């Protein structure tokens, strides 16, 4: 495409096509194309927009991710207050609310809308001339935080709406983290030694209130729109139910479990149904919301204080039980995390027999003062995994035992460490049977040794059949050709391709090997830094703590993790076998002082167009420079992107040298 008109037409076509597939995937849960095809469309659009920025629009799908961190949240005034709901906890209380509402309605019959009360974060989204302009939290009901950039990363929120929408309108919805995403997020945080989120609501709230939208975009947040706040310039339907159908037609995601109910008896039946089925929901819900359907009647009923008279929350009963904590067991995670769990006398909670429950970590056990032998409160509350709420201290006999984390791994017997300032303890043995499959999958991953043909299923089979016991065994598989073919899992050609991929992996650079070993806290960027600094796996293994700490960006946590890994004889044995197999374990080291940006500190402010801030900082570090989060007298350069923050004024005050993004790129290329 040579002419600008055809390029503009193609970008518009791509945006429309991608928005269509976003709607099919994130709203309707009915995708029409594969992830690879979707990625190819995004790649083409991003390339065209980079080459022709005059055709880039604020509502483009490419603008959902990679925005620069905001300097601080601004305040948004809500034109109409975001009210909180009153609660009812029993059929009698619900009937009392209905009686009061009927009297105020002067005996007129009215319908209800029944919705799930999702445990998330209420937000208000404002659209002007078809574009999402503002996204805000509830705040105090009158003023909320401006979290527009973060909300733009949620793919079920449309960035633009059809032309037939009102010129200016606001919708309100609940941002939430699905159960599966919550459990995965907590698992990842546990493996990284980070504090766990207490519940999905806290996780969702913490995610949308990140100062860096690039953190938000990594979390699988979703939203259901639950009402129209206001609309200007166009008439909207007269009932809440019809309004929700109208918003659905504009592309908003509306909960499919909503129901139109014609009597208070149907409301009670709706509530009862979901009390029984709440555990099957993909999100946390703590009740239903009952709304008067007629919008005219809603306005007539009005509010009392901060609560609407026309709606109430009918809460689900708590699902709890008490039982005896027989013991505290330990499971070992992928990165060697020791995860305590409660072993319970079987107890029926909400119709489900519970024998085990989550305890999160050692600090959580200490904080709650949970002891072996205690009578404990166990709660489901819709959670996929039951949790121990706490002990019933009044029932203690004095025979209860205080829990202590084992000093050696309960699976392999290796030494257990708990790094300073972390909540998790770790097994230090890379060959621990409890860790090996996950470690094997990490080793062969694209960021690691990139051995194609060994996925989750093949890894599990290799381990189950005893063909592989650790990652070094992969390089002996060529001697087990007949056994592999007899398994029936792989054809002759697949086995041959796998052998070729294993052979190619021997030439991967040292940085890939360091990353593939799965040393705690070492990511791809840090692996590159360590490879350049030491030049060989042996020098890294023999490095003292002081030498490790002398490297920029290496802190005590990482230094202790590296030292602990290389103290394990089993880990050293794996490395020796990799050496004998011909895996590359050394390369020419680059001394930090010899790197072109050595001794120079860079700080970045504003939005960069060429790459993300993280990518820019990685390039600086790769050339020997360092990066900072604030401008000080030690700062060499401030890189100034679009919409810079307060760092620019500070740099001008100190006389720090400023670089435009173009000048920054030129500097990197010259080096």
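Going through 284, 307 one at a time, which residue ends up being assigned by TED's automatic domain parsing to the domain that holds residue 131 and either free of Cβ contacts under 8 Å to residues at least 60 places away in the same chain or touching a helix residue (DSSP H, G or I) at 6+ places or on another chain (Cβ under 6 Å) (or both)?
None of the other options fit; the residue is 284.
For region 426-436, state whether one or more residues are within 23 Å of residue 321 (Cβ to Cβ) and touching a residue at least 60 places away in the same chain (Cβ under 8 Å).
no
I'd like to know if region 315-327 contains one or more residues that are outside any strand (DSSP E or B) and at pLDDT 90 or above.
no
State whether the residues of region 366-382 include one that is over 29 Å from residue 189 (Cβ atoms) and either assigned to a loop (DSSP other than H, G, I, E, B) or assigned by TED's automatic domain parsing to the domain that holds residue 270 (or both).
Yes, there is a match, as at least one residue in region 366-382 is over 29 Å from residue 189 (Cβ atoms) and either assigned to a loop (DSSP other than H, G, I, E, B) or assigned by TED's automatic domain parsing to the domain that holds residue 270 (or both).
Here are some conditions: (1) modelled with pLDDT of 85 or more; (2) surrounded by 13 or more Cβ atoms within 10 Å (Cβ to Cβ); (3) under 30 Å from residue 143 (Cα atoms). Residue 98 meets all but one. Which one does it not meet?
For residue 98, the failing item is (3).
If only one of 328, 343 is touching a residue at least 24 places away in the same chain (Cβ under 8 Å) and in the same structural domain as residue 364 (by TED's automatic domain parsing), which one is it? It would help to see each step written out before you state the result.
Working: 343 fails: touching a residue at least 24 places away in the same chain (Cβ under 8 Å).
Selected residue: 328, the only one of 328, 343 that is touching a residue at least 24 places away in the same chain (Cβ under 8 Å) and in the same structural domain as residue 364 (by TED's automatic domain parsing).
When you go through (1) closer than 25 Å to residue 157 by Cβ; (2) at pLDDT 95 or above one by one for residue 271, which number turns out not to apply?
It fails just one condition, (1).
Quick grid of which residues meet (1) surrounded by 20 or more Cβ atoms within 10 Å (Cβ to Cβ); (2) under 17 Å from residue 302 (Cα atoms):
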residue: 93; (1), (2): no, no
residue: 103; (1), (2): no, yes
residue: 106; (1), (2): no, yes
residue: 109; (1), (2): no, no
residue: 120; (1), (2): yes, no
residue: 126; (1), (2): yes, no
residue: 135; (1), (2): yes, no
residue: 141; (1), (2): no, yes
residue: 150; (1), (2): yes, no
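Based on what the data block shows, is residue 291 closer than 30 Å to residue 158 by Cβ, outside any strand (DSSP E or B) and either in contact (Cβ under 8 Å) with a residue 40 or more places away in the chain or assigned by TED's automatic domain parsing to the domain that holds residue 171 (or both)?
no
Please find, among 422, 438, the residue that is under 26 Å from residue 501 (Cα atoms) and either out of contact with any strand residue (DSSP E or B) (no Cβ under 9 Å at 6 or more places or on another chain) or not assigned by TED's automatic domain parsing to the domain that holds residue 506 (or both).
Residue meeting the stated conditions: 438.
If you check 392, 384, which single one turns out to be over 26 Å from residue 528 (Cβ atoms) and modelled with pLDDT under 85?
Checking each option against the conditions leaves just 384.
Surrounded by 17 or more Cβ atoms within 10 Å (Cβ to Cβ), within 28 Å of the chain's Cα centre (by Cα) and either touching a residue at least 24 places away in the same chain (Cβ under 8 Å) or in the same structural domain as residue 187 (by TED's automatic domain parsing) (or both): does that describe residue 337?
Judged against the criteria, residue 337 is a match.
Results for (1) surrounded by fewer than 18 Cβ atoms within 10 Å (Cβ to Cβ); (2) over 20 Å from residue 320 (Cα atoms), shown as yes or no for each residue.
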{"residue": "362", "(1), (2)": "no, yes"}
{"residue": "375", "(1), (2)": "yes, no"}
{"residue": "388", "(1), (2)": "no, no"}
{"residue": "391", "(1), (2)": "no, no"}
{"residue": "394", "(1), (2)": "yes, no"}
{"residue": "402", "(1), (2)": "yes, yes"}
{"residue": "405", "(1), (2)": "yes, yes"}
{"residue": "413", "(1), (2)": "yes, yes"}
{"residue": "421", "(1), (2)": "yes, yes"}
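Any residue in region 245-272 that is on the phi < 0 side of the Ramachandran plot and touching a residue at least 24 places away in the same chain (Cβ under 8 Å) sitting within a Cβ distance under 7 Å of a residue that is surrounded by fewer than 17 Cβ atoms within 10 Å (Cβ to Cβ) and in a helix (DSSP H, G or I)? List the pairs, counting only those 6 or more apart or interchain.
Cβ pairs passing all conditions: 254/248; 264/95; 268/91.
Show me the helices (runs of 4 or more DSSP H) entirely contained within region 170-252 in which 2 or more residues are in contact with a helix residue (DSSP H, G or I) (Cβ under 6 Å, 6 or more places away or on another chain) and either closer than 19 Å to residue 289 by Cβ or at pLDDT below 75 (or both). I'd like the intermediate steps shown before the answer.
Working: elements: 179-191, 200-208, 213-216, 240-249.
Ranges flagged: 213-216.
If I ask for residues that are within 12 Å of residue 441 (Cβ to Cβ), more than 30 Å from the chain's Cα centre (by Cα) and part of a loop (DSSP other than H, G, I, E, B), which ones from region 455-473 would you list?
Result: 468, single match.
Go through 497, 479 for me and flag whichever is over 30 Å from residue 616 (Cα atoms), assigned by TED's automatic domain parsing to the domain that holds residue 438 and over 35 Å from the mean Cα position of the chain (by Cα).
Answer to the selection: 479.
Here is a list of conditions, (1) free of Cβ contacts under 8 Å to residues at least 40 places away in the same chain; (2) in contact with a helix residue (DSSP H, G or I) (Cβ under 7 Å, 6 or more places away or on another chain), and residue 405 meets all of them except one; can you say which number that is?
Exception for residue 405: condition (1).
The values are calculated or read from the model by the stated rules, or taken from the named source; none is laboratory data. These figures come from a predicted structure and were not determined experimentally. Every residue, glycine as well, gets a Cβ built from its backbone with ideal geometry; the counts of neighbours run over all protein chains shown.
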